[in-house]
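Structure, as structure tokens:
The values are calculated or read from the model by the stated rules, or taken from the named source; none is laboratory data. Small disclaimer: the values here were computed from a predicted structure and weren't measured. Cβ placement follows ideal geometry from the backbone for every residue including glycine, while neighbour counts extend to all protein chains displayed. For the accessible areas, the whole protein counts, side chains as well, though only heavy atoms, and no ligand, DNA or RNA atoms are used. Shrake-Rupley method; radii C 1.70, N 1.55, O 1.52, S 1.80 Å.
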4 protein chains.
Amino acid sequence: MNDKYILLASCKDQVGITNLITGIISKYGSNILHLDHFTEYDHDNSEEGQLYLRFEFEKVDDLKAALEHELEQKNIDFELFDSAVNTKIALFVSKEDHAFNEILLRVKRGEIPAEIVCAVGNHEDNRHFAESLGVPFYYVPSNESKDKVEEKMLAICEDHEVDLIVLAKYMQILSDDFIDHYKDRIINIHHSFLPSFIGANPYKQAWKRGVKFVGATSHYVTADLDEGPIIEQNVIRVNHRYDVKSLKKIGRHVEASVLAQAVEYHVFHKVIVNNGNKTIIFD
Amino acid sequence: MNDKYILLASCKDQVGITNLITGIISKYGSNILHLDHFTEYDHDNSEEGQLYLRFEFEKVDDLKAALEHELEQKNIDFELFDSAVNTKIALFVSKEDHAFNEILLRVKRGEIPAEIVCAVGNHEDNRHFAESLGVPFYYVPSNESKDKVEEKMLAICEDHEVDLIVLAKYMQILSDDFIDHYKDRIINIHHSFLPSFIGANPYKQAWKRGVKFVGATSHYVTADLDEGPIIEQNVIRVNHRYDVKSLKKIGRHVEASVLAQAVEYHVFHKVIVNNGNKTIIFD
Amino acid sequence: MNDKYILLASCKDQVGITNLITGIISKYGSNILHLDHFTEYDHDNSEEGQLYLRFEFEKVDDLKAALEHELEQKNIDFELFDSAVNTKIALFVSKEDHAFNEILLRVKRGEIPAEIVCAVGNHEDNRHFAESLGVPFYYVPSNESKDKVEEKMLAICEDHEVDLIVLAKYMQILSDDFIDHYKDRIINIHHSFLPSFIGANPYKQAWKRGVKFVGATSHYVTADLDEGPIIEQNVIRVNHRYDVKSLKKIGRHVEASVLAQAVEYHVFHKVIVNNGNKTIIFD
Amino acid sequence: MNDKYILLASCKDQVGITNLITGIISKYGSNILHLDHFTEYDHDNSEEGQLYLRFEFEKVDDLKAALEHELEQKNIDFELFDSAVNTKIALFVSKEDHAFNEILLRVKRGEIPAEIVCAVGNHEDNRHFAESLGVPFYYVPSNESKDKVEEKMLAICEDHEVDLIVLAKYMQILSDDFIDHYKDRIINIHHSFLPSFIGANPYKQAWKRGVKFVGATSHYVTADLDEGPIIEQNVIRVNHRYDVKSLKKIGRHVEASVLAQAVEYHVFHKVIVNNGNKTIIFD
């Protein structure tokens, strides 16, 4: 059951696409395990539909090439993944350990089928735990120019053939140039329920406003700070007894679990980013 | 967009079924709006898979007959619904009004696309509200023999060509014979998070045990009391400050919303009951 | 057990206040049923504490006068309520019925111990249901000047000796002058999880941003639109399958339950508004 | 603000107790930071009330002795804690790491103000992580008689002057005799939303029943297996796509967070166990 392909595809909505793809898969004798076909019609322009597809199906000789050939012919955007190939993740981190540890532990336990190929920290605090799990840790302090810092980090990621960068409380803003290298492949965790409390000190803002829930948001990083496509969010109820310190404390648990969930969606190939800066999560 | 067919289908897992169905749909030029293909492998016997399918697609002349013909040929279990045809619901109720009103109001608002064709009460308490919304109310007291009572209720349901019976806090146990007339078409709301607190006085049981959440469970009614396939559940946090009376009060809100959600799943044709007494909810 | 007093009090934090109050209550032989003593220290200025208190205790002759006398002497802000006296509520409503009906039905069921003394609508849509429950309905259309409209509404509220105005989807902005008449006694429901999506069309904004939860916020109305002290919030998970219409539909359920919960907190005298535009909810 | 006393007290409900205690605290010039006075009336016998109290107040010379003297005189059950004295915890564990790591990391981060004085495992799997955080790990395999095993564990706990034993997925049943040594001071995590799915393989039971949520329950261990006073519970929504393996996976996250929350309540001295096998959580 574990040796399978996962196909993510998207194109303008039209008759026959799913029949075309299932036809090829059937022809090669592969069994479809899951298939989700979702059509979105834009709210303001309901004539224009977009089709989003996710398939899981058995790995069979020659099927991959045949499928790729056909989808390219039809100008369908797609990615085809082999479930046996693990995503290679670089974890970026600053001083705090909660999100960083959560990802490392879930990968170690086999809950997230990925390989953490390296950790990059602008502080040394999290070196020990990474190394105790056999993950090489690179100390790249933020006291140089952003250009220099990012050049080093880019080199590390390239050396390790990184597929996905996870900002596990990295706390630095990446340049547009850096982001361009990993479009839709950098996942951040923001410590608020976006779009509430954009910017600095969201827990203090939350405390001042007297909200009854705090939350966290995991999103792909784009050039617009805190504006990237949201992958996952969650919230937790709080009350007047929480001061800023205890909001931060309870918030850490939400941050860690929301980031881990977002990474899990990504490495299980359950996410498509649509044009409108939103995600389709095939869950 | 609203004139569409919905197909629920199930069969032994095998290569080619979804391709077969999408082929027919495509051939008639109908566009698929949603498609969910789910394969379940039994935990104890992973060789034996079962396929569950739900399609939404455009209504096109002659497509229905062609599809029905082909699915019958292949011995696939299926139901094919026309989205323009509303489910006809009979609401059964006793004294309490909360679940009963919730269903009536959601239907009135157009949130649940169904027609409440009649209400049956073993008390008169809810007559006024039903009639104010134009729903005929039948008073069938429970002080006769169950046979007599059920005979009357069956006649009412048959007169109104009822598709679905909703027990909106009806508080009487239906006979196996009655249930047989509406297999997988009677929805009940049980006032606990099943399988916790089966039987009488679940809120008092919950209070005694000191649980930190109470809940409600909506299920199809079967011959085994409180054991039918679960459609929807939800819970709400409580604490030591809740006595039995306040558990009942907060529980009413969960009961009403869980039952309404279950009814909504049913009338949108999102539910398949599998052999193992469980539901697939295509949501 | 139901014949009791409820005391809400607040003052600068200092030694001995709770001892003073419990001393008076004990002296008169009254039993305290609940007492919550909460001290808040401002985040930026931790020297300055504020004390918030809520007591429930048995009604005993002469105790009320003694307590009021003492609290006035000590310059403690307080309100003393008799649990036997129901809050008189005016419901303001526009076309939508969900929040309006929820409040009416919870009051009718005795879940919210209040009296709905009148309903005011700027459309006629909700007259029937109000009147069917014996609540006088006043049609005050919004097509006149705001001054005129508010003058009429004020007269209605004064005639009915209204304690609390509940905006159950009233959809009009009240003038500062009107609000001044009912400081901390007008409760609104906003159809977003504030501070997200302030202003118009929050569900469309939520859809565009691709958030994974929508919510609702109930707050006291102040001169700053959508900025009043938050009493209650809640959220519900959504996904990419929700369009704006289905967000609105699921949102209605959250709106109704959040508003009802906020009204319940208010009429059970569980809310203190602090200086910083936040609420203490003694739950 | 951190140097304070916490008082938990309970007695038959009567006039004047809270006044008595606040009187002593005031007399010594100590400021009360929080006070929660809760009276419970038994559902079946509403004449008989029980009073539960929790105070936080400033540490002041001689106050402790005075208070203890008075409470003993009055035959009030109480415990008086100094917030500067950390609870000494022994963690018992088997092979799984999730609950064990969660407690260790929260203590390390200072989120749970306790000292993990030792870890006891019936397998070696978790030695490394414990020792990397400086916690001595004792390997006590379960292949000897229960008497022998428990004798060793008891000796370890006594050597380390353990206040609280946390069963972080220990997976062995403790004898009544062992439990007697730590009455209301052994916290377990059960991998279901009790009382659902008592006994073995709760996730498989949950899968078979088709429930829509799975959960976890943390409780004090008593002689009756899975029947001790519940401290904390939580649930997470699942659906038909979850097989037993994925229920276990998602369940681990709930287990870890529920256990950590229960331990937190305990070490912040927020829990009283009442006679009826339930907890009062002063949160």
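Quick one: putting +1 on the C-beta of Lys and Arg, -1 on the C-beta of Asp and Glu, what dipole do you get for segment D:4-82 around its Cα centre, in Debye to the nearest 20? Mind showing how you got there, number by number?
Working: 7 positive and 17 negative charges, 83 e Å.
Rounded to the nearest 20 debye, it is 400 debye.
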Exercise. Please give the residues from segment C:263-283 for which the solvent-accessible area of heavy atoms, probe 1.4 Å, is smaller by at least 30 Å² with all protein chains in place than with the chain isolated.
Key: C:LYS278, C:ILE281, C:ASP283
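Could you give the dipole magnitude of segment A:200-283 about its Cα centre, charging the beta-carbon of Lys and Arg +1 and that of Asp and Glu -1, in debye to the nearest 20? Let's see the in-between values first.
Values: 12 positive and 8 negative charges, 134 e Å.
With only Lys, Arg, Asp and Glu charged at Cβ, the dipole is about 640 debye.
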Quiz item: Under unit Cβ charges (Lys, Arg +1; Asp, Glu -1), what dipole magnitude, rounded to 20 debye, does chain C have relative to its Cα centre?
Solution: 1680 debye
Quiz prompt | Phi to ³J(HN,Hα) by Karplus 6.51 cos²θ - 1.76 cosθ + 1.60 over segment C:251-260, Hz, x for Gly, Pro | solution = x, 4, 5, 5, 4, 4, 6, 5, 5, 4
Quiz item: Out of A:LEU63, A:GLY29, A:TYR5, whose Cα points farthest toward the positive end of the dipole of segment A:4-82 (charges: +1 Lys, Arg; -1 Asp, Glu; placed on Cβ)?
Solution: A:GLY29
Quiz prompt | Whole-number accessible area per residue in Å² for segment D:87-281, which is evaluated in the context of all protein chains at 1.4 Å | solution = 37 Å²
Quiz item: Which pairs in the list C:LYS95/C:LYS248; A:LYS169/C:LYS245; A:LYS74/B:LYS74; B:LYS248/D:LYS278 are over 25 Å apart, alpha-carbon to alpha-carbon?
Solution: A:LYS169/C:LYS245; A:LYS74/B:LYS74
Quiz item: Between segment B:218-234 and segment C:151-196, how many Å separate their Cα centres?
Solution: 43 Å
Exercise. Enumerate by residue number the chymotrypsin sites (Phe, Trp or Tyr not before Pro) in segment C:173-207 meeting two conditions: DSSP loop (anything except H, G, I, E, B), and at most 12 other Cβ atoms within 10 Å of the site's Cβ.
Key: none
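Evaluate Rg over Rh across segment D:128-250, taking Cα atoms for both radii and Kirkwood's formula for Rh. Don't skip to the answer; put the middle values down first.
On the way: Rg = 16.5 Å, Rh = 16.2 Å.
With Rh from the inverse mean 1/r over Cα pairs, Rg/Rh is 1.02.
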Exercise. Please express the Cα-Cα pair-distance distribution P(r) of the protein assembly as shown as a list of whole percents, one per 10 Å bin, running from 0 to the bin with the greatest distance.
Key: 2, 9, 17, 22, 22, 16, 9, 3, 1, 0
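How big a patch of accessible area, both sides summed and in Å² to the nearest 100, lies buried between A and B at a 1.4 Å probe? Walk me through the intermediate numbers first.
Values: alone 14910 and 14940 Å², together 28100 Å².
When A and B are taken together, about 1700 Å² of accessible area is lost.
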Quiz item: Once the other residues with Cβ under 14 Å from the Cβ of C:ASP176 are scored (Lys, Arg +1; Asp, Glu -1), what is the net sum?
Solution: -4
Exercise. Give the angle, between 0 and 90 degrees and rounded to the nearest 10, that separates the Cα long axis of helix A:146-159 from the longest principal axis of the Cα atoms of chain A.
Key: 50 degrees
Quiz item: Among B:PRO136, B:PRO202, B:PRO229, which one moves the most in a GNM of chain B with springs linking Cα atoms closer than 10 Å?
Solution: B:PRO136
Quiz item: Is it possible to state the helix-based mean residue ellipticity at 222 nm for chain B, with each DSSP H run of 4+ residues giving -39500 (n - 2.57), the sum divided by total residues, to the nearest 500 deg cm²/dmol? What is it?
Solution: -10000 deg cm²/dmol
Quiz item: At A:LYS59, label 7 Å along Cα→Cβ: distances to the other copies, nm, ascending?
Solution: 4.6, 6.1, 7.6
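Out of the trypsin sites (Lys or Arg not before Pro) in segment D:66-130, which ones are loop residues according to DSSP with at most 15 other C-beta atoms within 10 Å?
D:LYS74, D:LYS95, D:ARG109
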Quiz item: Using the Cβ atoms and a cut-off under 12 Å, what net charge is assigned to the surroundings of B:ILE165, where Lys and Arg are +1 and Asp and Glu are -1?
Solution: -1
Exercise. State the percentage of accessible surface on segment D:4-82 attributable to carbon and sulfur atoms; use a 1.4 Å probe and exclude ligands, DNA and RNA.
Key: 37 percent
Quiz prompt | Residues of segment D:150-196 buried by at least 40 Å² on assembly (accessible area, 1.4 Å probe, chain alone as reference) | solution = D:PHE193, D:PRO195, D:SER196
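Exposed loop sites here are GluC sites (Glu not before Pro) in DSSP loop states with at most 11 other C-beta atoms within 10 Å. What is the longest stretch of chain B lacking them? Walk me through the intermediate numbers first.
On the way: sites that count: B:GLU47, B:GLU48, B:GLU124, B:GLU161.
Longest site-free region, per DSSP loop and neighbour criteria: B:162-283.
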Quiz item: Along the Cα-to-C-beta direction of C:HIS128, a point sits 7 Å from the Cα; which residues of segment B:80-116 have their amide N less than 15 Å from that point?
Solution: B:104-110, B:116
Quiz item: In the Gaussian network model of chain A, springs joining C-alpha atoms below 10 Å, which of A:ASN239, A:ASN126, A:ASN188 carries the largest mean-square fluctuation?
Solution: A:ASN239
Self-check item: Residues in segment C:16-39 reached by a label modelled at C:LYS59 [backbone nitrogen below 15 Å; 7 Å Cα→Cβ]
Solution: C:30-31
Self-check item: Unit charges at the beta carbon, dipole of segment C:13-135: most positive-side option, C:ASN19, C:ALA119, C:GLY134
Solution: C:GLY134
Quiz item: Peptide C:203-214: average number of partner chain Cβ atoms within 10 Å per residue?
Solution: 5
Quiz item: With chain D treated as a Gaussian network of Cα nodes joined by springs under 10 Å, which of D:HIS191, D:HIS240, D:HIS253 yields the largest mean-square fluctuation?
Solution: D:HIS240
